[in-house]
Amino acid sequence: MTFRLSGTTHFLTIDVSDWTADPDVASVVARRNFDPLDNRPGETVNALLDDLAATRTCATFFVTETIARRDAPLVRRIVHAGHEVAARGARGLAEPDEFRNDARRVKATVEDAGGVQVRGFRSTATAKLSSLWRFEELVEEGYEYDSSRLPRPALGPLDRAVPSYPQTIVCDAGTIIEVPLLPHPFANREFSLRRARYAAVQQVFASRTRAGLPAVASFATWEVDRDQPKVGLPFITSWRHYRGREAARDRVDRLVREFRFDAIGHRLGELAEQAPPALTP
């Protein structure tokens, strides 16, 4: 499978979330006197917008309902800088009604804040989301693509594999493009720009470039926030959460200078023409 996207190969995606969004620290912070309404995402996004402008790189910013409602000017700054805003769903919603209501609310909230149509959705990255009802709900709510799942083989005779390239999901409600996340080569989790050695990051994107396969570079704003408050955590949790944070923004800057990136929504027309239909079990 080879994709011929004009002038670019890869996609840069950024989850705009509070610094307490990491589950490893959320429970600890909840017991401390930290201000839940601090402006850390806004400060980080502003710095990223400057960095991306220097390389003329566009990205997709997945914005949570909370931040879109709290800081509409931030969403508008992202849009006015030429980037795409998309919807970041809530965690842990396994029931169709909950999922549908959340997808509807976050889409409407981000659209109201940014004054533009929201076409993309992302929920918690996982390799286990196999139910097609998710895509039915997203199509019915007006989404055109989803970038939530990791590539994986089929989980059973009635399941569909998730390939390492974009595919078209055909369901009763219509069609939607699935743009899978980039997996860690040796673990069943999302590839981390913050934790991985840069040589490994570079190798992955060089390999995908040669193969003509778009890769999704993804990180959260808290992962590149150098001034994020330091909280007391168990040693392993602290190491996992803070490791690589100081160098993460430099890695992102280097990556966008070495490879070409764009927002997913900016290339959706080309993806729709080239993404093959998902194989029916």
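A short reminder: the numbers here are calculations on the coordinates, not readings from a lab. Treat the numbers as computed from the prediction; the structure is a model and nothing was measured. Quick reminder, even Gly has a Cβ in these numbers, built from the backbone with ideal geometry, and neighbours come from all protein chains shown.
Residues R105, R243, R267, R88, ranked from the fewest to the most other C-beta atoms within 10 Å, line up as R243, R105, R267, R88. The translational diffusion coefficient of segment 10-274, from Stokes-Einstein at 37 °C and 0.692 mPa s with a Kirkwood hydrodynamic radius over alpha carbon pairs, comes to 174 µm²/s. With the simple model of a label 7 Å out from the Cα in the direction of the Cβ, Q202 to T175 spans 3.9 nm.
Here E190, E140 are placed in order of increasing Cβ neighbour count within 10 Å, fewest first, which gives E140, E190.
Starting with the fewest neighbours, write out C58, C171 ranked by other beta-carbon atoms found within 10 Å of each beta-carbon.
Working: C58 22, C171 17.
The order, fewest Cβ neighbours first, is C171, C58.
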